[in-house]
Amino acid sequence: MRLSPSSNGLHRYPLTRYILPLRVRLKPDIQTRHPAAKADALFFLDTLEQLIPVLLPETIRGILFIARHYLQPLSDPSLRPHLESAHSVFLAILARGDILQDQILPYLEQVYNAFPQALTPRQVRLAFSTIVKLSSPDQVTIILTRLLQRAKNAQTTPITGGTREDEQLTYFFAFVDCLPWIETEAIEFWLDQLFFTATVVEGRRRNTLHQHIWECISGVMGGEAGMKAVEWWVNKSDPKI
């Protein structure tokens, strides 16, 4: 059972009272400060992510500027863990469903800006699937349309770090990861859009993408939406593949 701040009083817990005053010391000039200050900031962000579900909305708004600061493009490579943690904090806030819902689209622009220099393919995919799960149908339409546009024109050179994915495949994989959260009646439309756009992917990369699509619609989706997707694959996808 998930507890609320009003029912369990965790917003008054001593650890919370200790963490929140740290915001006074976490100022925008932290890039030039002592490593201990950076450690304070990372500790704050990591702990804040765990506390988000039980903090009051007004408390979150009062410390939101800190997370926003670390969502900015990196000026110091040593702050990459801070950026990753700030994204986790923002996703945790959005997952509450009662605050910052009007910030979903601006937040995704920050995801685009941080990839691939600061965010990994896995983190990008998780961000999009989480956001689509939380968004209204109108927002989902905007998110998926922009994601396909990005995928169509994205770089295809391998991302450093040993991953097999490039920017383009990451965006297409992110789109596929969103399919389980799309309304059932819209599944065929978005599968059509995916395959029309994915014609830019060729060779082994195309086979890799098709395999990921099939694994998603045949094993991850399930229910009526999964049945529709499998039926689409069997009966309608051949001319597009």
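No value in this document is a laboratory result; all are computed from the given coordinates. In this text the structure is predicted, and so the values were computed from the model without any measurement. Methodologically, a virtual Cβ is constructed for each residue, glycine included, from the backbone with ideal geometry; neighbour enumeration extends over all protein chains shown.
Structural remarks
- The order of C216, C178, going from fewest to most other C-beta atoms within 10 Å of their C-beta, is C216, C178.
- For the peptides 188-197, 79-88, residues were scored by their other Cβ atoms within 10 Å and the scores averaged per peptide; the highest-first order is 79-88, 188-197.
- The HN-Hα couplings worked out from phi for the stretch 110-118 by the Karplus form 6.51 cos²θ - 1.76 cosθ + 1.60 (θ = phi - 60°) are 5, 5, 4, 5, 8, 9, x, 5, 10 Hz, whole numbers, x standing for Gly and Pro.
- Extent along the principal axes, Cα only, for the stretch 23-171: 43, 35, 20 Å, with the longest axis given first.
- Note on V176, V234: ascending count of other Cβ atoms within 10 Å places them as V234, V176, the fewest first.
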